[in-house]
Amino acid sequence: MASGISRRTVLGVTAGLFGTIGVAPAAAQRAPTPACVEDGEPTVPQSAGPFHSPNAPLKRDFRGDDPNGVPLALTGRVQTRGCMPLAGLVVDLWHADSQGRYDNRGFRLRGYQLTGSDGQFRFDTVVPGLYGGRTRHFHVKVGPPVGPVLTTQLYFPGEPRNAADGLFNPDLVMQVEPAGPGFEAVFDFVLDRP
Ligand SMILES: [Fe+2]
């Protein structure tokens, strides 16, 4: 039937795209991120690593920094342990390009956004490449312009290198789905505030 053909087609495309970046097709079908749980655990901190650059620009769209990269929209919310949205917070994102290289001189694939009134943020970027012994990841700092900041990293579901990366933490895995020529990734941050 038409719907069956359509489903097979979608699954075929899904497998191809996830194969492109080494993410298992099954990852596309994982359960959605659960809704915010009152008094839930704050997001796990991780090291910034050696490649953070202070003073990155206000920037939402990184795609022009790596035109050959696979597009990925990263969205989410920043909220308290009590599920209250946190507006006006800095979300500072930096990551390797599709070839696994960081720009340590300029601000390619580096920038920050401010959360909206609903705590939401969005970046249009590309899928980061692999480098060294690391699995695929984003780096992020989240917090007020002045004050304590959560530094952590975000990971991809089903990435083959996750198991071999000592920093990998399943609590920091994004929800990733195919979207158009690329992917949509979602992660909600919970800061340690009541
Ligand atoms: Fe890194």
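Sorted fewest first by neighbouring Cβ atoms within 10 angstrom, Ser47, Ser53, Ser98, Ser117 come out as Ser117, Ser47, Ser53, Ser98. Counting neighbouring beta carbons within 10 Å and listing from fewest to most, the residues Asp97, Asp165 come out as Asp165, Asp97. When the P(r) is computed for segment 116-178, the part past 17 Å accounts for 49% of the Cα-Cα pairs. Taken one residue at a time, the phi angles of segment 126-139 give Karplus couplings (6.51, -1.76, 1.60, θ = phi - 60°) of 10, 5, x, x, 8, 8, x, x, 8, 7, 6, 7, 10, 10 Hz. Gly and Pro are set to x. If you wrap the tightest convex hull around every Cα atom of segment 41-191 and split its volume per residue, you get 110 Å³.
Output the relative contact order of segment 41-191, whole-number percent, from Cα pairs under 8 angstrom with separation of 6+ residues. Write out the running numbers ahead of the final one.
Numbers: 360 pairs, mean separation 47.6, N = 151.
Once divided by the residue count of segment 41-191, the mean separation gives 32 percent.
Under the classification rounded if a/c is under 1.5, otherwise prolate if a/b is larger than b/c and oblate if not, where does segment 49-98 fall, given a ≥ b ≥ c as square roots of the Cα gyration tensor eigenvalues? Prolate is the answer for segment 49-98, as a/c is 1.5 or above and a/b outweighs b/c.
Neighbour counts of C-beta atoms inside 10 Å place Glu159, Glu41 in the sequence Glu41, Glu159, starting with the fewest.
Could the peptides 171-183, 56-68 be put in order, highest first, of the mean number of other beta-carbon atoms found within 10 Å of their residues? If you can, show how the numbers build up before the last one.
On the way: 171-183: 17.2, 56-68: 14.4.
Highest mean packing first, the order is 171-183, 56-68.
Every read-out reported here was derived from the displayed coordinates using simple, explicitly stated rules and does not represent laboratory data. Quantities reported herein were computed from a predicted structural model and do not represent experimental measurements. With ideal geometry, Cβ positions are generated from the backbone for all residues, glycine too; neighbour counts draw on all protein chains shown.
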